[in-house]
1. So, in the stretch 9-20, of the ones that are at pLDDT 90 or above and assigned to a loop (DSSP other than H, G, I, E, B), which residue ends up farthest from the chain's Cα centre (by Cα)?
2. Out of everything in the stretch 1-20 that is in contact with an Asp or Glu (Cβ under 9 Å, 6 or more places away or on another chain) and within 16 Å of Gln59 (Cβ to Cβ), what residue ends up being surrounded by the most Cβ atoms within 10 Å (Cβ to Cβ)?
3. Please go through the stretch 76-98 and pick out each residue that is open to solvent by less than 100 Å² (accessible area, probe 1.4 Å) and assigned to a helix (DSSP H, G or I).
4. Based on what the data block shows, is Gln73 open to solvent by less than 70 Å² (accessible area, probe 1.4 Å), under 24 Å from Arg9 (Cα atoms) and at pLDDT 90 or above?
5. Does Thr42 qualify as being among the polar types (S, T, N, Q) and under 14 Å from the mean Cα position of the chain (by Cα)?
6. Please go through (1) touching a helix residue (DSSP H, G or I) at 6+ places or on another chain (Cβ under 6 Å); (2) assigned to a helix (DSSP H, G or I) for Glu63 and return the number of the only condition it doesn't satisfy.
7. Condition first: under 14 Å from Glu63 (Cβ atoms) and outside any helix (DSSP H, G or I). Now tell me which residues in the stretch 21-53 satisfy that.
8. For Arg58, are the conditions met, namely being without any contact (Cβ under 8 Å) to a residue 40 or more places away in the chain, exposed (fewer than 14 other Cβ atoms within 10 Å of the Cβ) and of a type outside the set (Asp, Glu)?
Amino acid sequence: MGKEEKYGRLSVIFTKEGESADTWIERKSAQLGREARITVVTSDRVEQSFVWGQGALRQSARELWLEIEKNTQTRKKIRKKEDKKFTSLDERLDEKTREILEKWRRSG
């Protein structure tokens, strides 16, 4: 029995026993390639040519890996910037400014 798992907009398909992944990919890309925007990730050049001919986008496993890495690095940079937004004012002040503000606080 086949199985589909969804991760956001990504679907991972496990074909049923006796059905090759290539057969499933070819059938689905023929059905959906011109109606919907689908991307097939495969490093098999014959399969890439077939799905491209059916109107689907194709991407090699290496290209997908590089895209995931790039997105991961971007997310880390965004998180780092967001973390800096929530630091205390005290952490962002230089020593001299801290001393001046402390004097004001004690004199008031």
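The values are calculated or read from the model by the stated rules, or taken from the named source; none is laboratory data. Source: prediction; values computed, not measured. Glycine also receives a Cβ, built like all others from the backbone with ideal geometry; neighbour counts cover every protein chain displayed. Surface areas here come from the heavy atoms of the whole protein model, side chains and all, with no ligands, DNA or RNA. Shrake-Rupley method; radii C 1.70, N 1.55, O 1.52, S 1.80 Å.
1. In this case the residue turns out to be Gly18.
2. Ile13
3. Ile78, Glu82, Asp90, Thr97, Arg98 - these are the residues of the stretch 76-98 that are open to solvent by less than 100 Å² (accessible area, probe 1.4 Å) and assigned to a helix (DSSP H, G or I).
4. No; evaluated as a whole, the condition is false for this residue.
5. Judged against the criteria, Thr42 is not a match.
6. For Glu63, the exception is condition (1).
7. Once the filter is applied, which keeps residues that are under 14 Å from Glu63 (Cβ atoms) and outside any helix (DSSP H, G or I), the stretch 21-53 yields Thr39, Val40, Val41, Thr42, Ser43, Asp44.
8. Against the criterion (without any contact (Cβ under 8 Å) to a residue 40 or more places away in the chain, exposed (fewer than 14 other Cβ atoms within 10 Å of the Cβ) and of a type outside the set (Asp, Glu)), Arg58 does not qualify.
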